[in-house]
Amino acid sequence: MQKNNKLIRWFDELGIEDVPSVGGKNASLGEMYQQLTPQGILIPNGFAITADAYRYMLDEANAWDALHAVMDNLDPEDMDVLARCGAKAREIIYAAGLPEDLQTEIIAAYVKLKDQYG
């Protein structure tokens, strides 16, 4: 794993410019947390699991070739093929599992969040 890529990002680190890294909902939650908490509006803290974490999971599982093979057969005009390709892609992703170090980071973030809120 490349340590310069963060796998977990907290809301106080996120803004709208982070959409590519954490998605629109998480970036918006980060933006709200940063902008509204100082004004006394209670926004719960949280964390996002980044796109880097997702790519890392697929790297560790050597899942890219299988995913590319499925996507090579994709025909967006044929709903049956689209459904089969989507199901196969999900199967590959679910089978990848979480690398142990990623699991550890997610659990540590959850424990930190739990400590904040009880």
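Of all residues in the range 58-73, which are over 21 Å from residue 103 (Cβ atoms) and of a type outside the set (D, E, K, R)?
66, 67, 68, 69, 70, 71, 73
Being touching a Lys or Arg at 6+ places or on another chain (Cβ under 9 Å), modelled with pLDDT of 95 or more and closer than 19 Å to residue 7 by Cα: is that true of residue 93 here?
No, not satisfied.
Within the range 62-102, take every residue that is part of a loop (DSSP other than H, G, I, E, B) and in contact with a helix residue (DSSP H, G or I) (Cβ under 8 Å, 6 or more places away or on another chain) and give me the one that is surrounded by the fewest Cβ atoms within 10 Å (Cβ to Cβ).
The extreme case among them is 76.
Quick one: in the range 3-13, which of the residues that are exposed (fewer than 15 other Cβ atoms within 10 Å of the Cβ) and in contact (Cβ under 8 Å) with a residue 12 or more places away in the chain is farthest from residue 94 (Cα to Cα)?
Selected residue: 12.
Listed here are the residues, each with its yes/no results for (1) of a type in the set (Gly, Ala, Ser); (2) under 21 Å from residue 51 (Cα atoms).
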residue	(1), (2)
66	yes, yes
75	no, no
89	yes, yes
98	no, yes
101	no, yes
106	no, yes
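Just to check your reading of the model, which residue among 41, 16 is of a type in the set (A, V, I, L, M), exposed (fewer than 14 other Cβ atoms within 10 Å of the Cβ), over 25 Å from residue 106 (Cβ atoms) and in the same structural domain as residue 117 (by TED's automatic domain parsing)?
On the way: 16 fails: over 25 Å from residue 106 (Cβ atoms).
So the residue among 41, 16 that is of a type in the set (A, V, I, L, M), exposed (fewer than 14 other Cβ atoms within 10 Å of the Cβ), over 25 Å from residue 106 (Cβ atoms) and in the same structural domain as residue 117 (by TED's automatic domain parsing) is 41.
Tell me which residues, restricted to the range 29-42, are of a type outside the set (A, V, I, L, M) and in contact with a helix residue (DSSP H, G or I) (Cβ under 7 Å, 6 or more places away or on another chain).
Residues satisfying the conditions are 30, 31, 33, 34.
Where the second residue is of a type in the set (Val, Ile, Thr) and not in a helix (DSSP H, G or I) and the first is touching a residue at least 60 places away in the same chain (Cβ under 8 Å) and lies in the range 86-105, which pairs have Cβ atoms under 7 Å and are six or more apart or on separate chains?
Going by the 7 Å Cβ cut-off, the qualifying pairs are 105/8.
Using beta carbons and a limit of 8 Å, which pairs, at least six apart or on different chains, have the first residue in the range 44-57 and in contact (Cβ under 8 Å) with a residue 60 or more places away in the chain and the second one of a type in the set (Asp, Glu) and in a helix (DSSP H, G or I)?
45/12
The values are calculated or read from the model by the stated rules, or taken from the named source; none is laboratory data. All values derive from a computational prediction rather than experimental measurement. Cβ: placed from backbone, ideal geometry, glycine included. Neighbour counts: every protein chain shown.
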